[in-house]
């Protein structure tokens, strides 16, 4: 079961052009495209004539033309042209989905279109500030539930074991981190402090520290599937806990968007923004490479976890103290799922 009445990331804006882009979201096969005027469209990937996937078609004047018999559908899903036929049957249409392009994302609403309130889409201004936050983005296909990927981001103690050569660090500093979790109506916020510790390898490659650092990880989970992260470190003695917005040190912004594909697979949209040496493109490239390496480690772990849980079930799992944020996240999703109203047919 999925939470349908919510905004999900369907694609990065630069992924969608006039060539049809096929993508499965919440078990539904879709096709995304831009018409000749550049307007976005998302349609059911199934022509109403003979059931041919519209991904095999092409963008023409008027919309997306089916690659089998040439029917043309506009962004609303209405058939606007049938070769050799003047009258278009009222049933000649396909389902369309509301889309919003914002902050380099393409957001899609999979539930009742009457409830698609674009003001509820989160703001991510860092993608619009290329001078202060130069960034790169990526999409991974993950053979695991989106919930398992969010679990992974709700418990940062795994960094010391999974990411030893990049963003990890000594296991002791993660286990003993000061952590405050603040639940809210639509998710949660948590802040972790690791004081007087050695900077991890990725941080040392990026900037020069005098020695020990005070390090933070701040996360905000916005249900059902977005996580905004700010992580960094400053030299000990600079009062980092009172003021993290200081020149020098290490700072990065990460966006994590987990869009369900099926019950056991998802699309992982992520970006990393460099908050140091912003005038040096090589710094942004190096950071992206480091984070990409770390996230591929996550992918391997979580895909292995999904395979094991699919085979053995979840009934014998045990919660531990570091699961506090993860448990609240899961309860939030369960609450939203119970409150779901079904989308209207068609």
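The values are calculated or read from the model by the stated rules, or taken from the named source; none is laboratory data. Please read all numbers here as calculations on a predicted model, not as lab measurements. Here the Cβ is made from the backbone with ideal geometry for all residues, glycine too, and neighbour counts use every protein chain on show.
Below, the figures for the structure above:
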| quantity | calculated |
| --- | --- |
| Odd one out for residue 127 among (1) assigned to a loop (DSSP other than H, G, I, E, B); (2) out of contact with any strand residue (DSSP E or B) (no Cβ under 6 Å at 6 or more places or on another chain); (3) surrounded by 14 or more Cβ atoms within 10 Å (Cβ to Cβ) | (1) |
| Count of segment 67-123 residues which are at positive phi and at pLDDT below 95 | 1 |
| Candidate set from segment 164-185 (those that are farther than 15 Å from residue 205 by Cα, modelled with pLDDT of 70 or more and touching a helix residue (DSSP H, G or I) at 6+ places or on another chain (Cβ under 7 Å)); member that is surrounded by the fewest Cβ atoms within 10 Å (Cβ to Cβ) | 175 |
| Members of segment 194-213 that are buried (at least 17 other Cβ atoms within 10 Å of the Cβ) and in a strand (DSSP E or B) | 194, 197, 213 |
| Which listed residue, of 24, 29, 52, is surrounded by fewer than 19 Cβ atoms within 10 Å (Cβ to Cβ) and in contact (Cβ under 8 Å) with a residue 60 or more places away in the chain | 24 |
| Number of the exception - residue 318 against (1) under 30 Å from residue 206 (Cα atoms); (2) loosely packed, with under 13 Cβ neighbours inside 10 Å | (1) |
| Residues (touching a residue at least 12 places away in the same chain (Cβ under 8 Å) and farther than 24 Å from residue 189 by Cβ) located in segment 203-219 | 205, 206, 207, 209, 210, 211, 212 |
| Residue within segment 214-224 that is part of a loop (DSSP other than H, G, I, E, B) and closer than 30 Å to residue 307 by Cβ present | yes |
| Given (1) farther than 30 Å from residue 120 by Cα; (2) in contact with a strand residue (DSSP E or B) (Cβ under 6 Å, 6 or more places away or on another chain); (3) crowded, with 20+ Cβ neighbours inside 10 Å, number of the condition residue 188 does not satisfy | (1) |
| Residue count for segment 249-289, restricted to those that are in contact with a strand residue (DSSP E or B) (Cβ under 7 Å, 6 or more places away or on another chain) and within 19 Å of residue 204 (Cβ to Cβ) | 13 |
| Output for segment 79-112, where each listed residue is surrounded by fewer than 20 Cβ atoms within 10 Å (Cβ to Cβ), more than 18 Å from residue 225 (Cβ to Cβ) and free of Cβ contacts under 8 Å to residues at least 40 places away in the same chain | 80, 81, 82, 83, 84, 85, 86, 87, 88, 89, 90 |
| Single match in 147, 136 (criterion: surrounded by 15 or more Cβ atoms within 10 Å (Cβ to Cβ), outside the structural domain of residue 25 (by TED's automatic domain parsing) and under 14 Å from residue 8 (Cβ atoms)) | 147 |
| Residue match in segment 256-268 (condition: at pLDDT below 95, assigned by TED's automatic domain parsing to the domain that holds residue 207 and not in a strand (DSSP E or B)) | no |
